[in-house]
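The values are calculated or read from the model by the stated rules, or taken from the named source; none is laboratory data. Not measured: the values here are computed from a predicted model. Cβ: placed from backbone, ideal geometry, glycine included. Neighbour counts: every protein chain shown. For accessibility, only protein heavy atoms count, side chains too; no ligands or nucleic acids. Shrake-Rupley method; radii C 1.70, N 1.55, O 1.52, S 1.80 Å.
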Amino acid sequence: MSILNATRHMNLKKVINASGRMSILGVSTLSDDVLEAMAYGGKHYFEMKDLHEEAGQLVAQYMNTEAAMITNSASSAIALAVAGMITRDDASVERLFEKRHERPGDILIMTGHLIDYGAPVEVMIQLGGGTVKTVGYANGCTLEQIEQAVDDNTRAMLFVQSHHCVQKNMPSLKAVGKLMKELNIPFIVDAAAESDLSSYASDADLLIYSGSKAIEGPTSGILAGRKTYVDFAKQHNRGIGRAMKVGKESIFGLLKALEVYAAFDANDDQEKQLAIIEALQCLNDVPGIKVALHEDEAGRAINRARVSIDQHRAPHDAAHVIHALKEGNVAVYTRDYNVNNGFFDIDPRSLDIADAQYICDKIKQIMGVS
């Protein structure tokens, strides 16, 4: 039975991804070049230790860092980074949890960065043997509060660079990184979904990226930064990292994806985004609906269509629309974080003009407009 026939027996429906690079939808689709590289890796044998080392050196060049290692996800990169900070050059990584009360173990994180991205970020800190120590409040934090939180039990600080985090009244990544350097505290930056691979290298001691989001590689992660700290994390490949190992096919796929990404023309992508958003303007003909261009909250080069629904003029509110979009043989997933405020966003990066037209037609159908 072919795989295409097998999927018909799995009761899977087609998905139009208007949500973005989301893990619940499989993150990204893979190019033929990436699939070819994965096939090469999957069909050959390698001395895996050497493959990891050589691949890490190549990744470090793309990241503009001293060293790097490929992990099976950004989540595992968080756990391994923390574990390395906890044990440092102690070779007894197999006893990470047995000896956790004998070592300093606090990982500082601003309260507004305690997000759930499919799993709570604090769980990954704890998985690495760290103790979560929150700083500030949900509606803001100051550099003074961070400095006051540092003590002899502090091992590192984790900064989550994400649109999911609180943006207002928060110190910038650069400002926090500068403070950590002054205090001699290692600074870990989780930039999993960011598109700029090298701009944080001078501010962070360790950087974390997803290999499958902006880079559009296979399921994988990147941990890059100062060689000393990357080496600390590598030790845990014979500890908790054993449960997080990455296969040779994913390593080759990620390396190819990085090569393709380095040659990526951001201007072409911006033009495509704007063309999709323009195609969605037909929704402005529906009573009670307004479509406007909305730029990414965290400053990434992403434009989205914000669809606002006036529940007093439209027959259905935003919550009803996003639910109805998922019904039927084709499920349309939007960015619905603000549906309680009467609007949702359509991310154009994974769409084409035909997808945009389908979304317009489906919403008009939901609203009873022919």
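Below is a table of values for the structure above.
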{"read-out": "Residue under evaluation Ala354, criteria (1) outside any helix (DSSP H, G or I); (2) over 23 Å from the mean Cα position of the chain (by Cα); (3) closer than 15 Å to Ala18 by Cβ, criterion not met", "value": "(1)"}
{"read-out": "Residues of the stretch 139-163 classified as in contact with a helix residue (DSSP H, G or I) (Cβ under 9 Å, 6 or more places away or on another chain) and either open to solvent by 70 Å² or more (accessible area, probe 1.4 Å) or assigned to a helix (DSSP H, G or I) (or both), total", "value": "4"}
{"read-out": "Residues located in the stretch 298-322, provided they are modelled with pLDDT of 90 or more and touching a helix residue (DSSP H, G or I) at 6+ places or on another chain (Cβ under 7 Å)", "value": "Val307, Ile309, His316, Ala318, Ala319, Val321, Ile322"}
{"read-out": "So Arg88, is it within 16 Å of Thr154 (Cα to Cα), open to solvent by 60 Å² or more (accessible area, probe 1.4 Å) and in contact (Cβ under 8 Å) with a residue 60 or more places away in the chain", "value": "yes"}
{"read-out": "Search result, residues across the stretch 327-343 that are farther than 16 Å from Cys360 by Cβ and in contact with a Phe, Trp or Tyr (Cβ under 7 Å, 6 or more places away or on another chain)", "value": "Arg335, Asp336, Asn338"}
{"read-out": "Enumerated helices (runs of 4 or more DSSP H) restricted to the stretch 234-327, each holding at least 3 residues that are closer than 30 Å to Leu96 by Cα and either open to solvent by less than 20 Å² (accessible area, probe 1.4 Å) or without any contact (Cβ under 8 Å) to a residue 24 or more places away in the chain (or both)", "value": "248-262"}
{"read-out": "Filter pass, Phe97 being open to solvent by 10 Å² or more (accessible area, probe 1.4 Å), under 24 Å from Pro120 (Cα atoms) and in a loop (DSSP other than H, G, I, E, B)", "value": "yes"}
{"read-out": "Options Lys178, Lys213, Lys168; residue that is within 19 Å of the chain's Cα centre (by Cα), closer than 23 Å to Leu114 by Cα and basic (Lys, Arg)", "value": "Lys213"}
{"read-out": "Every residue from the stretch 101-138 that is more than 16 Å from Ala77 (Cα to Cα) and in a loop (DSSP other than H, G, I, E, B)", "value": "Arg103, Pro104, Gly105, Leu114, Ile115, Gly136, Ala138"}
